[in-house]
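Taking it in order: structure first as structure tokens, then the write-up.
The values are calculated or read from the model by the stated rules, or taken from the named source; none is laboratory data. Note that the coordinates shown come from a computational prediction; the quantities given were computed from them, not determined experimentally. Ideal geometry is used to build each Cβ from the backbone, glycine not excepted, and the neighbour counts take in all protein chains shown.
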Amino acid sequence: MRQDDSVTHRDAAPPDLASMRKQYRAEGLSETELAATPLEQFARWFKQAATEGGLFEPNAMVVSTADAQGRPSSRTVLLKHFDERGFVFYTNYDSRKGRELTGNPYVSLLFPWHPMARQVIVTGVARRTGRDETAAYFRTRPHGSQLGAWASGQSSVLADRADLDAAYAELAARYPEGEQVPVPPHWGGFRVAPQAVEFWQGRENRLHDRLRYVARPDGGWRVERLSP
Ligand SMILES: Cc1cc2nc3c(=O)[nH]c(=O)nc-3n(C[C@H](O)[C@H](O)[C@H](O)COP(=O)(O)O)c2cc1C
């Protein structure tokens, strides 16, 4: 569609990014109120994010991986489970992230809870979940998402949208609603065992609180405060 250039330019005046800023809340995060483990602290903040946070998808997180040459890449995925063993998400093992994690398991997860002036940043090591755990989760997914996991060669280049729709239609004919869809061998979970977890609370005048749990060799955690 062609548009009149003068109109397009007037309507598309760039926002003044340099003047876009918010003052963050004053209530801070102190060492004394932190939970004993980062997973417990995460559970507290997650509950707040999910109830009073005003967030659309509090379990959406940015996963950053790096290839063998150290070149990073990031994308959003959904956190599907967490406990003391770590943070679990599901994806295609042959996708870019899947291949990068297979070669280099060091990973970063970032929860951007902007409406609460909070972020949580996890760094750790990703390992594939067991097939039983993957299958149990796959069975809870809607039928269409199960088919989608088969239809999409995630991260590969498609010639055409129609190819993807045709692949899906073929699968939908083979596995109608109500018929069990097998778990794709190339699809499954990663569990990220944390090595460090930072809880960031925005505060006034950019004097934010940053408290980071760092794993100790004995299995415990030490907490350090970082300069904002
Ligand atoms: C809100 C949101 C949630 C997403 N959740 C997932 C997910 O749980 N698993 C997944 O593989 N991709 C998910 N995606 C798609 C990824 O961002 C990404 O496009 C895809 O995984 C391919 O990434 P890659 O080519 O870097 O491996 C999500 C995207 C958005 C915006």
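Answer yes or no as to whether Leu109 is crowded, with 16+ Cβ neighbours inside 10 Å, part of a strand (DSSP E or B), touching a strand residue (DSSP E or B) at 6+ places or on another chain (Cβ under 8 Å) and at pLDDT 95 or above.
Details: crowded, with 16+ Cβ neighbours inside 10 Å: yes; part of a strand (DSSP E or B): yes; touching a strand residue (DSSP E or B) at 6+ places or on another chain (Cβ under 8 Å): yes; at pLDDT 95 or above: yes.
Answer is yes for this residue.
Considering only residues that are surrounded by fewer than 16 Cβ atoms within 10 Å (Cβ to Cβ) and either aromatic (Phe, Trp, Tyr) or not in a loop (DSSP other than H, G, I, E, B) (or both), which ones fall in segment 61-98?
First pass over segment 61-98, keeping only residues surrounded by fewer than 16 Cβ atoms within 10 Å (Cβ to Cβ): 62, 67-76, 78, 80, 83-85.
Correct list: Val62, Pro72, Ser73, Ser74, Arg75, Thr76, Leu78, Asp83.
Among (1) surrounded by fewer than 17 Cβ atoms within 10 Å (Cβ to Cβ); (2) more than 15 Å from the ligand (Cβ to nearest atom); (3) under 20 Å from Phe190 (Cα atoms), which single condition is Pro38 missing?
Going through (1) surrounded by fewer than 17 Cβ atoms within 10 Å (Cβ to Cβ); (2) more than 15 Å from the ligand (Cβ to nearest atom); (3) under 20 Å from Phe190 (Cα atoms) one by one, Pro38 breaks only (1).
Quick one: Gly178 ticks every box in (1) modelled with pLDDT of 95 or more; (2) surrounded by fewer than 15 Cβ atoms within 10 Å (Cβ to Cβ); (3) more than 25 Å from Thr76 (Cβ to Cβ) except a single one, so which number is it?
(1)
Under 8 Å between Cβ atoms, which residue pairs at least 6 apart in sequence (or on different chains) link something in segment 84-105 that is under 18 Å from Ala193 (Cβ atoms) and free of Cβ contacts under 8 Å to residues at least 60 places away in the same chain with a partner that is of a type in the set (D, E, K, R) and part of a loop (DSSP other than H, G, I, E, B)?
Hits for this filter: Glu100/Asp67; Gly103/Asp67; Asn104/Asp67.
For segment 13-38, enumerate the residues that are at pLDDT below 90, among the aliphatic types (A, V, I, L, M) and part of a loop (DSSP other than H, G, I, E, B).
Across segment 13-38, the qualifying residues are Ala13, Met20, Ala26.
Since Ala50 meets every condition but one in (1) in contact with a strand residue (DSSP E or B) (Cβ under 7 Å, 6 or more places away or on another chain); (2) under 18 Å from Phe199 (Cα atoms); (3) free of Cβ contacts under 8 Å to residues at least 60 places away in the same chain; (4) among the hydrophobic types (A, V, I, L, M, F, W, C), which condition does it not meet?
For Ala50, the exception is condition (1).
Taking the condition surrounded by 16 or more Cβ atoms within 10 Å (Cβ to Cβ) and either within 29 Å of Ser152 (Cβ to Cβ) or touching a helix residue (DSSP H, G or I) at 6+ places or on another chain (Cβ under 7 Å) (or both), does Gly53 pass? Break it down into steps so the answer makes sense when it comes.
Working: surrounded by 16 or more Cβ atoms within 10 Å (Cβ to Cβ): yes; either within 29 Å of Ser152 (Cβ to Cβ) or touching a helix residue (DSSP H, G or I) at 6+ places or on another chain (Cβ under 7 Å) (or both): yes.
In short, yes.
So which of Val183, Val214 is touching a residue at least 40 places away in the same chain (Cβ under 8 Å) and either within 30 Å of Val125 (Cβ to Cβ) or outside any helix (DSSP H, G or I) (or both)? Reasoning before the result, please.
Working: Val214 fails: touching a residue at least 40 places away in the same chain (Cβ under 8 Å).
On inspection, the qualifying residue turns out to be Val183.
Answer yes or no: is there a residue in segment 127-141 that is touching a helix residue (DSSP H, G or I) at 6+ places or on another chain (Cβ under 9 Å) and within 12 Å of the ligand (Cβ to nearest atom).
Yes: one or more hits.
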